[in-house]
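Below is one structure; the comments refer to it alone.
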Amino acid sequence: MGNKHSNHSSHKHTADNKMNHSKMDHSTMDHGKMDHSQMDHSKMDHSAMDHSEMDHGAMGGHAHHHHGSFKEIFLKSLPLGIAILLITPMMDIQLPFQIIFPYADVVAVVLATILYIYGGKPFYMGAKDEFNSKAPGMMSLITLGITVSYAYSVYAVATRYVTGEHVMDFFFEFATLLLIMLLGHWIEMKALGEAGDAQKALAELLPKDAHVVLEDDSIETRPVSELQVGDVIRVQAGENVPADGIIIRGESRVNEALLTGESKPIEKNVKDQVIGGSTNGSGVLYVEVTETGDKSFISQVQTLISQAQSQPSRAENVAHKVASWLFSIAVVVSLIALIVWMIIADLPTAVIFTVTTLVIACPHALGLAIPLVVSRSTSLGASRGLLVKNREALELTTKADVMVLDKTGTLTTGEFKVLDVTVLSDKYSEEEITGLLAGIEAGSSHPIAQSIVNHAEAKGIKSVSFDSIEIVSGAGIEGEANGHHYQLISQKAYGKALRMDIPKGATLSILVENNEAIGAVALGDELKETSRNLIEALKKYGIEPLMATGDNEKAAQGVAEILGIQYKANQSPEDKYNLVESMKNQGKTVIMVGDGVNDAPSLAMADVGVAIGAGTQVALDSADVILTQSDPGDIESFIELANKTTRKMKQNLVWGAGYNFIAIPIAAGLLAPIGITLGPAFGAVLMSLSTVIVAINAMTLKLEPK
């Protein structure tokens, strides 16, 4: 497909090319058993990670950043740099704070050599990496700049003692340049660490130890890393849950906000699932461990975050290309500047313009333009339960033409609820009708029956006791209560017209006494509160919403009319797949939103597959984006995240590239005839300032509160 992204993950192509959809048995698909065998998160000490020194080798061409800690190198280089600044003049001008003494220039050579070898190591080692990968960029430019200024300065001092001729050195500029570069990289690493702290924050949610309940009911404290599936752990009020599990005793309200984005504490009872890292409320819980280590929810989220941050996007590929062009342009322009200024001035002047050009052309801001935004975006999304597996999904979402939405569980609650109870006889009140409805359904385990019983309990209405209840074949049920005979049958079985408003898409059951309707109950799959807001948001973003559901025509039509959207009813998983495929064949960019299992084929076929309500099953092969909650508002949040992230990427790309294309000619001395020139140190400041601007812009990425 023309609009199908070329670098899409391999599962897409598998889904597109190898699945026999007519024979797929989705009931056997286990998306929760992703093979993380190569990752042992249970033994990782995430709390000890220093993100200011982390290896961002996979992020935006920053493979050089593993060559030592920039913080440590800067702090140890600072005394050397200050000493050089104190004993060497700036462009032959002695400043008031400087101390010049005999052979000060020789001392400067020794200090500068140490500074070049130690302080410059991360840059020339980074340059080596860039050349080995045939992608010279910012490290190569910095290395050229400091090497030219250092080597020429050593040459200048040697010339003085050999020939007696005074030649200006650039030790002051060299030291200033190197210190500024080290400081800039330290700040950059700190910013990247803060932007990408989602994994560290998640790891810190797990307590170090767990209270394991032994067979004799005694408690043994063990490290969380030693927990086994099947262990029973006790979680006290206020403690964080040590591992994923099932509650076998106790009840409480559990806060999962930092894990799933669900802002309200959730009531948990026996047989309910709890996530490791969530915070227990006021009750004491006994939990049987079901997942540990690399298969736990936190570990899977960490893996997804890591994958998303290391995966190149189209915007980042553009940044790499531009950075490569800038390296070539800077080298050519600096050589031209060197030759031209040697002709029209002298060698020292030519060196100044050459070094300044190399320094100011360093595409550092460009190299950070995308990684900083991605780190911030990934962390922000993870904190709201929006997990992006495929980063390209963010860019494709901004170009989307249509969003195909599943109905049950996505737009609706997926549970039958009593929408309305109508009294059709003067002999009965609504409370009496509700009591009769609950009484006649009391013995049934059917979801519709249970919803009626639950409705009565919520209203505080006592169920009427029935003497006998029997099934009426093809119609409903009947029974005796208080000497009266009642039937609860379908509208079709009743066969008479009713004067009442029936909620759209509702299923109607009629309560009959002596062949006359005395009441009716309307049941339906209730719309989620945020569904209407989602549809409005989609239209605002220019995305056409289309509901595709396996439900019948009547139920689908009711929901579609309420929301004001188009729909397709009676859709099987294969029908949804074919629907997405046909729209893509028309040249449309399609987002598919589904539950991640039944909708796996269509999620894989879509340009962007969004699995909603994944809960703890985050390792879904078929989806590009996973929303851990079943809240349509999270779909809106994801679209907002995609648009804001892409906008920040574009802004940073324009600034990073535009700044360099403007600054390079000025640095080379193009405006020198009108008195505008830049020195190497000032060039380093401008370059660092550009990086700071890009970093600040990335950090201002925020989502609207839910």
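The values are calculated or read from the model by the stated rules, or taken from the named source; none is laboratory data. Every value quoted in this text rests on a predicted model; they were computed, and no experiment measured them. A quick note on method: Cβ atoms are made from the backbone with ideal geometry, for glycine too, and the neighbour counts reach across all protein chains shown.
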Could you give every pair whose Cβ atoms fall below 9 Å, whose first residue belongs to region 215-226 and is more than 17 Å from G276 (Cβ to Cβ), and whose second residue is at pLDDT 90 or above and surrounded by 10 or more Cβ atoms within 10 Å (Cβ to Cβ), counting only separations of at least 6 or pairs across chains? I219/H211; I219/V212; I219/V213; I219/R234; E220/H211; E220/V212; E220/V213; E220/L214
May I ask you to list the residues in region 472-500 that are in contact (Cβ under 8 Å) with a residue 60 or more places away in the chain, in contact with a strand residue (DSSP E or B) (Cβ under 6 Å, 6 or more places away or on another chain) and either within 14 Å of N515 (Cα to Cα) or not in a loop (DSSP other than H, G, I, E, B) (or both)? none
Which residues, counting only those in region 140-177, are free of Cβ contacts under 8 Å to residues at least 60 places away in the same chain and within 48 Å of the chain's Cα centre (by Cα)? T143, I146, T147, Y150, A151
In region 202-224, is there at least one residue being assigned by TED's automatic domain parsing to the domain that holds S278, at pLDDT 90 or above, loosely packed, with under 14 Cβ neighbours inside 10 Å and under 15 Å from L285 (Cβ atoms)? yes
Run S140 past the list (1) assigned to a helix (DSSP H, G or I); (2) surrounded by fewer than 24 Cβ atoms within 10 Å (Cβ to Cβ) and report the number of the one that doesn't hold. (2)
For region 683-701, the count of residues that are under 26 Å from S149 (Cα atoms), buried (at least 18 other Cβ atoms within 10 Å of the Cβ) and either at pLDDT 75 or above or of a type in the set (F, W, Y) (or both) equals 1
Residue pairs, Cβ under 6 Å, 6 or more apart or interchain, first in region 533-557 and in contact (Cβ under 8 Å) with a residue 60 or more places away in the chain, second acidic (D, E). List them. L534/E636; A537/E636
Flag if L498 is buried (at least 20 other Cβ atoms within 10 Å of the Cβ), closer than 27 Å to T412 by Cβ and either hydroxyl-bearing (S, T, Y) or out of contact with any Cys (no Cβ under 6 Å at 6 or more places or on another chain) (or both): no
The conditions are (1) part of a strand (DSSP E or B); (2) surrounded by fewer than 19 Cβ atoms within 10 Å (Cβ to Cβ); (3) touching a Phe, Trp or Tyr at 6+ places or on another chain (Cβ under 8 Å), and D525 fails exactly one of them. Which is it? (2)
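Out of L394, L387, I need the residue that is over 20 Å from K504 (Cα atoms) and in a helix (DSSP H, G or I). Which one? Reasoning before the result, please.
Working: L387 fails: in a helix (DSSP H, G or I).
The conditions single out L394.
Conditions (1) out of contact with any helix residue (DSSP H, G or I) (no Cβ under 8 Å at 6 or more places or on another chain); (2) buried (at least 23 other Cβ atoms within 10 Å of the Cβ); (3) in contact (Cβ under 8 Å) with a residue 24 or more places away in the chain, marked per residue:
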site: R376; (1), (2), (3): no, yes, yes
site: S383; (1), (2), (3): no, no, yes
site: R391; (1), (2), (3): no, yes, yes
site: L394; (1), (2), (3): no, yes, yes
site: K399; (1), (2), (3): yes, no, yes
site: M403; (1), (2), (3): no, yes, yes
site: K407; (1), (2), (3): no, yes, yes
site: T434; (1), (2), (3): no, yes, yes
site: S451; (1), (2), (3): yes, no, yes
Scan region 278-298 and report the pairs whose first residue is assigned by TED's automatic domain parsing to the domain that holds P265 and under 10 Å from G238 (Cα atoms) and whose second residue is part of a loop (DSSP other than H, G, I, E, B) and among the small types (G, A, S), with Cβ atoms within less than 7 Å and a gap of 6+ or a chain change. N280/A237; N280/G238; G281/A237; S282/A237; G283/A237; G283/G250; V284/A237; V284/G250
